[in-house]
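Below is one structure, written out as structure tokens; comments come after it.
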Amino acid sequence: MTGGLVGRTGRWLRRHLLGLFGVLGLIAMVLSLIGTYQHFAATPETFTWANVVFFASTLFLADGTMFEGGGQFPPALEVARFLAPLATAVGVADAVSTLFAHRFERFRARHARRHVVVCGSGPTASALVDKLVGSNRVVLVAQDAGQEYPDAERPPNLLRINGDPVERIVLQGAGIARADVVYSCLGDTASNLAVTLTARGVVRGGRTRYRRTADARVDNPLRCLAQVGDLSLLPHLRARRIGLENDPGFRLDFFAIEVLGAHALLNSNAPAWARPNRAPDLPARPPHLVVLGMSGLGLALVMELARRWRDSSAPGDPLLRIVVSGRDASGHAAAMRSREPALAQVELLAHDSASGELPTGLILAQDGPGEPPEFVYVCHRDEEEALLRGLEVLRAVGATGLGERRTRIVVRTGRQRSFEDVFGSRNPPVDEDPLPPLDDSGLLDSVQGGLRFFAVNDQALPLDPGANDLIERFAQIIHEKYLAKERAGGAAMGSRRSLRPWEELDHDLQASNRAQAIGYSDVLRRRNWMLVPLGEHDPEFSFTADEVDQLAREEHLRWWRERESRGVRYGPLELDGSDPRHPSLVDWENLSRDDRLRSEAVVLNMPAILAAAGLGIVRMTPRPPDPIA
């Protein structure tokens, strides 16, 4: 409590030194003149106005000439002799802070540790900074970082570096070699890729006191997340990165704010069938859904709805009907079908509209005449256009058809949550209360919670680097499949160190699963295979018997080397892990049948694990695999 008070007081003083100097200086000057006048007036032979002004001014320099004789002095002069030097000290402190504050800020950024680096300016970068700065040290790198967060508005945990984050020297000045996470949020994908390339170069070329930075960060890699402007690029870039995931100390992934927004939007505004606590009496065919606006958020929302319907529906269930409307909606619908297999279980009705409007008949279209949709998601990029279309839908559905268990309209907004504040609470009144209390938090009626607003950047960020990290995701899926196989074979949870949930798994075993996921890139490279985004009509990949046998041998050798690099030796397994030994550190020919089956299971699980990220393996021109070094 005391430390926080001191910190707040210090920040207040730094921001108000100039004003404090002015107030103290004015008071000290007035008291100095009054006191000096009274002092010299007592001895008329020494009194001149020149002496009064001169000796009053010398008080600001802590000059004690006037007090050398001692004796009694006027009260005003006694106060001024201390207040004037204090004012001078405040003025000097203000000048020094002005001259050296930015240099000291750059020094702190260069020597920061375990911090977050955000590159770029704009809505996404600002939202990330605002979300992260409360609990992390954040370094903002942008050419207009000082304008984005002026001195008077800079949060305490934020450090600013003015410069182009593509330049190596600029990123080094942000302490990137010791950072935990780097978010690149520049305006185009090419610039963000250039930032990640520079960041990797810093990690590869840097050195700690005793070894290279890349080697020192093997177990704590620098996570770099690059924003992608075009949704269709996201799976392709991920596929290319996983195919070359061989950088120790560096982890790269990509994100699109629209994809994160679609996840967050459905987490808070999910149809009844997609909720964790779904009711058991849901209709066989769910009410249809409407998506207005073919923005990036609209496209990502349609694909996310399709995936959730695929995961929650049972074989034989009817198709989910989704009505989409926007500029070239039919073209967007065809493109989505070609790259999202889950849309095979969706009846996608597209309506081309240059203005983004949707006829009332399509809004209400369903099996029965005039049956309204469960949700209307308004995803136009322009905030005012989105509000207009949302209010038009409200008029078409009617106020009585809105609210919980009826139609709900969700309107996309930007970072400002002004519309949500204006329309007040989304909570509906209690049915049993004939006169619900007035909600005076808003200016306009939200129609019993039927009209809602979703601020994309505010609610989609910050993204969790671990949750967004494909290698981390693959590692967890690998472990889940291992647990399922071992439990199916009769093994009990907790009977071995490896038979624990991921959250309770020892650090070295988590790292072993990550190493297995990273090893996918070597498998693909040696065999001239390639990862591609899965499409609706892509055939399912399967290994041949010879490939399974050879890959299982290679996987066992990779696992053996990884275990030895962590100090594990051959010997009987110790349940408590006090002596790192393992009986399976032997040649393939001497391996037990169960251990061989485990290696084969690792190989056979590979296509399914990659498919969890929407990726599939494609064989390129045939060639024999490269030998293992």
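The values are calculated or read from the model by the stated rules, or taken from the named source; none is laboratory data. Quick caveat: nothing in here was measured; it's all calculated off a predicted structure. Don't worry about glycine lacking a Cβ; one is built from the backbone with ideal geometry, like all the others, and counts go over all protein chains shown. Keep in mind that these areas ignore ligands, DNA and RNA; they rest on the heavy atoms of the full protein, side chains included. Shrake-Rupley method; radii C 1.70, N 1.55, O 1.52, S 1.80 Å.
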Site PHE107, offset 7 angstrom along Cα→Cβ, radius 12 Å on amide nitrogen, limited to the range 156-190, gives none
Between LEU451 and residues 5 or more places away or on another chain, the pairs with built amide H atoms under 5 Å apart involve ILE409
Per the 1/(1 + (r/R0)^6) rule, R0 = 41 Å and r from the Cβ atoms of LEU319 and VAL586, FRET efficiency to 0.05 is 0.20
Residue-normalised value, i.e. accessible area per residue, for the range 112-255 at 1.4 Å probe, in Å², stands at 41
Heavy-atom accessible area with a 1.4 angstrom probe orders ASP253, ASP94, most exposed first, as ASP94, ASP253
On the accessible surface of the range 112-255, probed at 1.4 Å with all protein chains in place, carbon and sulfur together account for a percent value of 48
For VAL203 the rounded accessible area (nearest 10 Å², probe 1.4 Å, non-protein molecules ignored) is 0
With every protein chain in place, the accessible area of ILE518 for a 1.4 Å probe, in Å² rounded to the nearest 10, comes to 50
Using the Kirkwood formula on alpha carbons, the hydrodynamic radius of the range 470-619 in angstrom works out to 16.3
Two pseudo-spin positions, 7 Å from Cα along C-beta at LEU597 and at ARG561, lie apart in nanometres by 2.8
Here, ALA511 and ARG285, labelled 7 Å along Cα→Cβ, have an inter-label distance in nm of 5.7
Kirkwood-based Rg/Rh on the Cα set of the range 287-330 evaluates to 1.01
Accessible-area order for ILE617, ILE169, largest to smallest, probe 1.4 angstrom, reads ILE169, ILE617
Amide H contacts under 5 Å for VAL228, restricted to residues at least 5 apart in sequence or on another chain and with H modeled in the peptide plane, are PHE255, ALA256, ILE257
Taking R0 as 56 Å and r as the Cβ-Cβ distance between LEU99 and ARG240, the FRET efficiency 1/(1 + (r/R0)^6), rounded to the nearest 0.05, comes to 0.70
From most to least accessible, 1.4 Å probe, no ligand or DNA/RNA atoms counted, LEU233, LEU470 line up as LEU233, LEU470
Measure of exposure for THR48: accessible area at 1.4 Å probe, Å² rounded to 10, is 60
For the range 488-504, in residue order, the Karplus 3J(HN,Hα) values (coefficients 6.51, -1.76, 1.60; θ = phi - 60°; whole Hz; Gly and Pro = x) are 5, x, x, 6, 9, 4, x, 6, 9, 4, 7, 9, 9, x, 4, 5, 9
VAL92 and ASN157 label points (each 7 Å along its Cα→Cβ direction) are spaced in nm at 3.6
Taking a label point 7 Å from the Cα of GLU503 along Cα-to-Cβ, the residues of the range 292-334 whose backbone nitrogen sits under 16 Å from it are none
Within the range 112-255, the percent of DSSP beta bridges that are antiparallel, given to the nearest 5, stands at 5
Taking Cα pairs closer than 8 Å and at least 6 residues apart, the relative contact order of the range 470-619 in percent is 30
Using alpha carbon centers only, the range 137-182 is separated from the range 86-133 by a whole-angstrom value of 8
Counting sequence-distant residues (5 or more places) and residues on other chains, those with an amide H built under 5 Å from that of SER353 are GLY326, ARG327, ASP328, ALA329
Here Rg/Rh (Cα, Kirkwood) for the range 112-255 equals 0.96
Karplus ³J(HN,Hα) for the range 267-278 (6.51 cos²θ - 1.76 cosθ + 1.60, θ = phi - 60°; Hz, whole; x = Gly/Pro) runs 5, 9, 9, 8, x, 4, 6, 9, 8, x, 9, 5
